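Structure first, then comments.
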Protein chains: 2
Amino acid sequence: MTATIQSVSEVCRAAAEAAAEVAVLPTQTKNRVLLAMADAVERHAEPIMKANADDVAAARAAGVSSTLCDRLTLNERRMAGLSSAIRTIAGLPDPVGAIVTGWTRPNGILIQQVREPLGVVAVIYEARPNVTGEVAALCVKTGNCAVLRGSSMAMATNRAVMAALQEGIAEVDEMPAAAVQLVDDPSRDAALELMRAKGYIDLLVPRGGPELIASVEANATVPTVIDGAGNCHVYIDTAADRRIATDVAINAKTSRPSVCNAMETLLVHRDLAHDWLPGVLDELAALGVRIKGDETVRRHWPRAEEATETDWETEYLDLVLAVRVVDDAEAAIRHIRRYGSANAEAIVTADIQTARRFTQLVDAGSVFVNTSTRYSDGGEFGYGVEIGVSTQKLHARGPMGLAALTTVKNVVWGSGQIRIV
Amino acid sequence: MTATIQSVSEVCRAAAEAAAEVAVLPTQTKNRVLLAMADAVERHAEPIMKANADDVAAARAAGVSSTLCDRLTLNERRMAGLSSAIRTIAGLPDPVGAIVTGWTRPNGILIQQVREPLGVVAVIYEARPNVTGEVAALCVKTGNCAVLRGSSMAMATNRAVMAALQEGIAEVDEMPAAAVQLVDDPSRDAALELMRAKGYIDLLVPRGGPELIASVEANATVPTVIDGAGNCHVYIDTAADRRIATDVAINAKTSRPSVCNAMETLLVHRDLAHDWLPGVLDELAALGVRIKGDETVRRHWPRAEEATETDWETEYLDLVLAVRVVDDAEAAIRHIRRYGSANAEAIVTADIQTARRFTQLVDAGSVFVNTSTRYSDGGEFGYGVEIGVSTQKLHARGPMGLAALTTVKNVVWGSGQIRIV
């Protein structure tokens, strides 16, 4: 890392200038950089964890919530996880240069659709400092330049991680230092400047709360993919295997309630309101989940609080669950189309036609059949780590791995053909 | 078409409501609708051409340029072209339901990436009334609802075309009338309302001049793909086949200078400045092309006017050509990275390494080797017609055919797996 603080525009310009050089590096060079980065992160574990301890102490002193402090913390397990994630990315296939499809036209011109790097990828993120290393690694692997803008809370940690990454990069001559940069300015203005760096940033992914997303939607002039909210549903169909239904409902709500792929509303076919629902609500309640239900739910399980319209709209990110009894799969689909946030949705059913219709009509990055919404995750998809989870329909949907950091160009090979129209 | 004028919000709401129904129609039903639409357009040829004659007469009276009047005109050949385009689209493979890729994870969950309709596709376009039928057909084929907003100049024609399309749609019970709608309000406010119909429009493609594009970039809150300018280059390398170089240069400039895939700047390797360049400039001048050149060009071909910085930036869309002599392919790539509009770029060379490097480093939807930029066109790519030509990197690039009107959803099949993290 440079000793002098660079302005956002300097960082962006340096990234855009380095982009052409980084884009054409062969896979083996990029992998050498990744392995050097992983080694350097391991060598620097001590200064990184020391910087992190300072960040965490400052956050605690400032009264930051324990959830956020937990996300901020880099313990030995997470440090090992970071270098291991970088090595995993080194081992994945390089999407760059892949020919997605191609064909020859009657006049003999050959059209190839070729994956290539986007150019410069920026990520604005909060708390979790392992994102610094993960995004850097995903960008190096895909031949993109990374511009990272972490939160002020994690600044000391991010600087220490970046120093390690830069040491790794410096070991491979062909890789310019500007391939991975940290915006060393935690101000709101710096974030705004990044959102408006049109012509320099080819993709901006905001990873954070609703306030950050709203700011990006209001201000960004650069291309963005939104990693948005997760108001996720599990629908238990009349044809559900009851054991799977129970397992999925409990897993989706309780395995990690603070993340975006956790279930927020359970939709239950009316046929199961009497037989199955009370049992699973007993189990959920025993695990500490606060239950809010509609009238039918409360009739069958009177301990439930009353659910209102607001509950259908709320992403609790906590041990709270809204529960609604619906007439059939169509009603569940309508509910999800209205209240869902296009992130991850699930159905439990043994009926193949119901499952297919649900997967077709529910708008979400990922739709799960007979398994948990918690699998909406780059690692679980086999992507190593993720750059984010897209909740939009254009460019990328659901967990974004390496391919989401590429674009597809039409490369057309002729032999002197000209167009006579 | 309904007799009462619907507001933009009514049109958008009706489209969004019909979207789920249209999305799951089988290919054979959609193809029946397309064939009925093509038949109806043929049956209605007379009233359509009569309405068009009124539009053209009004445009002429208002002093509209002859180029625009030409684009507005629907003669018998273009009418036949429209119904034939709709039939071609009926004959193309349906991208919806295609599994782009898929894999099984070690825990047994099966991940499928499945193409599906975007939902509601809106197009704001100018003059050319055949776009009305073409976009409607592309949307029907891909299970999307179309919201069409033509220009006031073409309003009578668009209404007549829409009446025919609706007659075709009405022949197939399963297809709702709201699948294809015309915004019957040519005001600027209506266009702005469409750009801001967030939650109703899944994709907006503006097809028009720089003013429309700027308005969309400034105002749109809905997802957009920009069909932008075409400041296209042809670079003639030292290793070029001279005959191919001449053919491509002349074709790219003169075959249809008013369209976005026409060449605007010719870049020539210095080795050819003396031997090849004067001859091709003679030919171009003989075809009526006004030549603007840099100093070296003017030394070798003194009839050239002086080219300035502005010329490198200009999309003439006319029989005018800027010409620059460059030191090598790297200099040509740098010029195009600086001035190009990411539309269509070409190189003429017999050297495979030079060609590969050019195709990798030039930022464009399509890069052509030894053939003309004029092939950047949905029809020439084999897409039937195009919804537009994307000049952005996200979602779609270059000529947009049926696949560009789809999105890819992760559909994940399990058998009760839950995540233990």
Long-range amide H partners of A:GLY293 with built H, under 5 Å: A:GLU305, A:GLU306, A:ALA307, A:VAL323
Computed [θ] at 222 nm, helices only, for chain A once each DSSP H run of length n ≥ 4 contributes -39500 (n - 2.57): -13000 deg cm²/dmol
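Using a probe radius of 1.4 Å on heavy atoms only, what accessible surface per residue do you get for the protein assembly as shown? Whole Å² is fine.
On the way: 31580 Å² over 842 residues.
Solvent-accessible surface per residue comes out at 38 Å².
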Entries of B:LYS50/B:LYS141; A:LYS198/B:LYS409; B:LYS141/B:LYS409; A:LYS141/B:LYS393 with Cα pairs more than 21 Å apart: B:LYS50/B:LYS141; A:LYS198/B:LYS409
Value of D in µm² per second that Stokes-Einstein yields for chain B, Kirkwood Rh from Cα pairs, at 25 °C (0.890 mPa s): 106
Pair A:ASP275, A:ARG303: separation of 7 Å Cα→Cβ label points (nm): 2.3
Nm distances between copies for B:ASP351, ranked from closest, using label points 7 Å along Cα→Cβ: 6.7
With every protein chain in place, segment B:8-228: carbon and sulfur % of accessible area (1.4 Å): 51
For A:GLN28, inter-copy label distances in nm, listed shortest first [label point 7 Å out on the Cα-Cβ vector]: 5.4
Label-point separation, A:SER7 to B:ALA218 (7 Å along Cα→Cβ), nm: 2.6
Tilt relative to chain B, helix B:242-254 - C-alpha long axis, 0 to 90 degrees, to 10: 50
FRET efficiency estimate (nearest 0.05) - Cβ-Cβ, B:ILE420 to A:GLN28, R0 35 angstrom: 0.45
Across the identical copies, how the A:SER7 labels are spaced - nm, sorted shortest first, 7 Å along Cα→Cβ: 4.6
Carbon + sulfur, % of accessible area of segment B:232-379 - ligands and nucleic acids excluded, 1.4 Å: 42
Calculated from backbone phi, Karplus (6.51, -1.76, 1.60) coupling profile of segment B:35-48 in Hz, x at Gly/Pro: 5, 5, 5, 4, 4, 5, 4, 5, 4, 8, 3, 5, x, 5
Cα gyration tensor category, rounded, prolate or oblate, for segment A:232-381 with a/c compared to 1.5: rounded
Unit charges on C-beta of K, R, D, E only; dipole of the protein assembly as shown, Debye: 800
About the Cα centre, charge dipole magnitude for chain A (Lys/Arg +1, Asp/Glu -1 at Cβ), debye: 740
In segment B:271-336, the GluC sites (Glu not before Pro) that fall in loop regions by DSSP, at most 16 other Cβ within 10 Å: none
B/A buried area, accessible surface, summed, 1.4 Å probe, Å²: 5700
Most mobile of A:VAL172, A:VAL33, A:VAL147 in a GNM of chain A (Cα contacts under 10 Å): A:VAL172
Per-residue HN-Hα couplings for segment B:68-78 [Karplus 6.51, -1.76, 1.60; θ = phi - 60°; Hz; x = Gly/Pro]: 5, 4, 4, 5, 6, 6, 10, 8, 5, 4, 5
Inter-part distance where segment B:223-246 and segment A:87-143 are each reduced to a Cα centre, Å: 25
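If you wrap a convex hull around the C-alpha atoms of the protein assembly as shown and split its volume per residue, what is the figure in Å³?
Values: hull volume 136.8 nm³, N = 842.
About 162 Å³ per residue, rounded to a whole number.
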Other-chain or far-sequence residues with amide H under 5 Å of A:LEU182's (modelled H): A:LEU148
Cβ-derived FRET efficiency at R0 60 Å, B:ARG43 paired with A:GLU171, nearest 0.05: 0.25
Alpha carbon centroid spacing (whole Å) that separates segment A:270-305 from segment B:309-375: 65
Alpha-carbon centroid distance for the pair segment A:29-43 / segment A:9-23, whole angstrom: 21
Segment B:232-379: relative contact order in percent, alpha carbon pairs under 8 Å with at least 6 residues between: 33
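The values are calculated or read from the model by the stated rules, or taken from the named source; none is laboratory data. Here the structure is a predicted model, which is why all the values come from computation and not from measurement. With ideal geometry, Cβ positions are generated from the backbone for all residues, glycine too; neighbour counts draw on all protein chains shown. Ligands, DNA and RNA are stripped out before the accessible areas are found, and what is left, the full protein with its side chains, is counted by its heavy atoms. Shrake-Rupley method; radii C 1.70, N 1.55, O 1.52, S 1.80 Å.
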